[in-house]
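First comes the structure, then the notes that go with it.
The values are calculated or read from the model by the stated rules, or taken from the named source; none is laboratory data. Just so we're clear, the structure is a prediction, and the values are computed from it rather than from any experiment. Neighbour counts are summed over all protein chains in view; Cβ atoms, including those assigned to glycine, are modelled from backbone coordinates with ideal geometry. These accessible areas exclude ligands, DNA and RNA; they are computed on the full protein's heavy atoms, side chains included. Shrake-Rupley method; radii C 1.70, N 1.55, O 1.52, S 1.80 Å.
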Amino acid sequence: MNTANLQLEGLLIAIASMNDLLVTKGIVDREEIAHAMDVAEQTVLGDYRTEELEPAQRDAIAFPIRLLRLANNGAAETEVTPFSELAKMVGQTKGRHNDEA
């Protein structure tokens with residue numbers, strides 16, 4: 001596996017943990033994090049470049065945001081869901097593309 005991919009996995013789980021800490025400390029609530037993830041996804045998918053991308057490439061851009069959204073939704077007070085489980089859930093919950101039959 002590419003080392004950069006492993007680094008990104010660690011970074012995403014670290015961000016998910018930080019988001020959970022912010023919620024636990026009462027700085028933000030889960031709905032605010034969910035809204036921030038919604039805005040982020042709309043921003044990256046609304047970028048002019050996405051029109052030039054294949055559906056799989058658009059999914060790649062949105063993947064980290066979708067993973068963090070799922071981590072936020074399924075967060076427990078004592079642990080973060082493992083990356084492999086979150087990644088599987090992203091694949092299971094993403095919608096079909098307009099250009100897919």
Q: Treating the angle as unsigned and between 0 and 90°, give the value, to the nearest 10°, between the Cα long axis of helix 83-93 and the longest Cα principal axis of the chain.
A: 50 degrees
**Q.** Relative contact order [Cα under 8 Å, 6+ residues apart], the chain, whole percent
**A.** 33 percent
Q. Given a 1.4 Å probe, how much area per residue of the chain is accessible, in Å²?
A. 69 Å²
Q.
What is the angle, in °, between the Cα long axis of helix 3-24 and the longest principal axis of the Cα atoms in the chain? Nearest 10 is fine, range 0 to 90.
A. 50 degrees
(Q) Checking the a/c ratio against 1.5 first, then a/b against b/c, what shape does the Cα gyration tensor give for the chain? (A) prolate
Q) Looking at region 44-82, which GluC sites (Glu not before Pro) are in a loop (DSSP not H, G, I, E or B) and have at most 15 other Cβ atoms within 10 Å? A) Glu77, Glu79
Q.
What's the ranking of 20-31, 59-70 by average number of surrounding C-beta atoms within 10 Å, highest first?
A. 59-70, 20-31
Q. Okay, helix-only estimate at 222 nm for the chain: each DSSP H run of n ≥ 4 adds -39500 (n - 2.57), divide by all residues, round to 500 deg cm²/dmol; what do you get?
A. -23000 deg cm²/dmol
Q. If you line up the long axis of helix 30-46 against the longest principal axis of the chain, both from Cα atoms, how many degrees apart are they, to the nearest 10?
A. 20 degrees
Q. What relative contact order, as a whole-number percentage, does region 22-71 give when Cα pairs under 8 Å and 6 or more residues apart are counted?
A. 39 percent
